[in-house]
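Coordinate-derived values only; no laboratory data. Keep in mind it's a predicted model, so treat the numbers as computed, not measured. Counting neighbours? That spans all protein chains shown, and the Cβs are built from the backbone with ideal geometry, glycine included.
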Amino acid sequence: MNGRTGQGNGRTEKIVAALDRVRVLGPHHPMLGDASLTLRAGDRVALVGPNGAGKSTLARVLLGLLPPTEGAVQRAATGVGYVPQSYAESLFPWFSVLRNVALPRLVGRREDAYDVARALADRILPGVDLRRRAGRLSGGEKQAIALARALASLGDLVIADEPFSAIAASSRARLRRVVHEELGGRALLLITHDASDVADLCERTIRLTDGHTVGASA
Amino acid sequence: MTGHRDAPSRGASLLALAAAIGAWWAVAQLHVAGRPLVAAPVATLGALSRVAPTLGRDLAATATRTGVGLAVGVALGLVIGVLASILARRAPVIEGLLDFARSVPPVVILPVCLLAFGYNELARVATVASGCVWTISLAVITAASSPRSARQEILEVAGTTPLRALVWTQPWESLGVLVVGLRTSASSAVIVAVVTEMIAGAERGLGARVIAAQIVGDTEGLTLAVLATGALGYSINVALRGLERRVRRFET
């Protein structure tokens with residue numbers, strides 16, 4: 001569907017993103033302290049930890065949206081799929097659902113942008129009129145658009161920050177299955193508080209406590 | 001259920017309207033220096049048929065002056081705002097200078113415009129525009145200085161350039177701030193247009209009509225001109241509030 005669909009995770013030794021002893025200092029306290037992490041192609045990694053531990057900060061450093069105060073970052077190549085925690089604000093409410101999903105490929109000037117987006121939306125947002133403006137949909141539907149958009153991306157990595165938090169419990173298992181299938185050989189960094197997300201989608205878990213990563217080795 | 005809730009609300013509105021007309025009538029009974037402050041409602045309505053054609057022409061003249069001045073002010077304000085937003089990153093004092101310019105009451109610019117352009121339409125429109133241009137410029141600066149949005153981040157992460165991400169997002173995300181600036185500018189434009197007509201004079205216009213009615217002691221005509229000015233300002237405000245509501249809905 002996106003040129004890499006497959007049940008296998010296509011693992012290679014290629015490192016798609018990494019952090020080495022990264023620290024990020026906030027105005028009042030450290031947001032991340034001594035965090036290390038290596039993501040290889042095909043990795044399915046869960047990033048867990050209590051609220052405020054620095055999970056989203058770590059993701060933003062990996063994405064290059066936040067510069068580290070110390071440490072080395074190997075940023076992912078462009079085209080990363082990203083579901084931010086503030087998924088609703090990340091959508092383009094004046095665009096249609098379809099155009100939102102197609103966005104990463106429109107940015108990449110890909111001719112298959114709308115075909116891939118339609119196929120993904122049909123699986124992730126069944127029954128939703130794809131011509132509707134994204135701003136008119138419910139919170140759960142908006143989060144599903146953000147998820148579909150991330151899966152339509154062209155890079156080697158998808159970072160999803162609590163991507164199922166607003167989605168109805170009855171739909172989560174189905175969506176996890178779709179994510180698993182659509183990821184193909186891409187790496188996944190999944191930030192979650194839900195044990196079912198970890199069990200269904202991830203092979204490795206990294207715990208972040210007070211900004212320190214535990215169990216981050218590959 | 002809705003019908004039950006609407007009935008008392010409509011009744012209360014009619015009551016409030018009647019009270020307002022009653023208050024108007026009461027004020028009309030006040031006499032200062034042997035003359036009424038304003039004409040009574042019935043007398044004003046009676047005068048309407050007499051002055052309607054010329055009042056309509058004056059209303060149209062002021063509305064046109066307001067609209068043209070506002071359009072020129074908005075166009076200039078957008079250009080100045082974009083340039084100032086770029087320059088203000090290196091020289092933050094620019095925002096302070098624009099704020100200073102906005103703080104100058106537009107009507108004091110009128111003599112400057114009269115000196116520059118003479119007693120003509122250009123001077124009046126330029127004065128109206130001067131009341132809008134700084135408000136719009138500052139609205140553009142406010143919009144441009146907003147932190148990088150989640151949408152821009154998504155586009156950058158997807159691989160687009162920061163400039164392209166800005167072009168895809170900024171115009172849409174700025175709409176809310178710009179419409180608020182437009183509404184503020186429009187309110188100011190009506191005031192400045194009428195005051196300019198009163199001070200600098202004009203062949204046609206509500207401001208000129210107010211002064212003319214005051215000079216000849218035409219209380220009914222004066223009251224109608226005041227009401228027409230209020231109606232013009234209110235109509236523009238209602239229209240722009242509607243536009244603002246649409247933009248807010250569009251944004252989310």
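A few remarks follow.
- Sum of side-chain charges, A:Leu32 neighbourhood, beta-carbon under 11 Å (Lys, Arg +1; Asp, Glu -1): +1
- Loop-located GluC sites (Glu not before Pro) in the stretch A:90-187 whose Cβ has at most 12 other Cβ within 10 Å (DSSP): A:Glu111
- Of the peptides B:191-202, A:43-54, B:209-220, B:91-102, the ranking by mean beta-carbon count within 10 Å, highest at the top, reads B:191-202, A:43-54, B:209-220, B:91-102.
- Chain A, relative contact order in percent, only Cα pairs under 8 angstrom and at least six apart counted: 33
- Its relative contact order, with pairs defined as Cα atoms under 8 Å and 6+ residues apart, puts chain B at 25 percent.
- Value of [θ]222 nm, deg cm²/dmol, for chain B, DSSP H segments ≥ 4, -39500 (n - 2.57) each, nearest 500: -29500 deg cm²/dmol
- Note: the protein assembly as shown, Cα convex hull, 216 Å³ per residue.
- Spherically averaged projected area of the stretch B:17-126 from its Cα convex hull (nm²): 11.8
- Dividing the summed -39500 (n - 2.57) terms of all DSSP H runs of n ≥ 4 by the residue count of chain A sets its mean residue ellipticity at 222 nm at -9500 deg cm²/dmol.
- Prolate/oblate/rounded label for chain B (Cα gyration tensor, a/c 1.5): oblate
- Fraction of antiparallel bridges per DSSP, the protein assembly as shown only, in percent to nearest 5: 50
- Cα-based helix-to-principal-axis angle, A:97-107 vs chain A, degrees rounded to 10: 60
- Around the Cα centre of the stretch B:38-251, unit charges on the Cβ atoms of Lys, Arg, Asp and Glu (plus for the first two, minus for the last two) sum to a dipole of about 420 debye.
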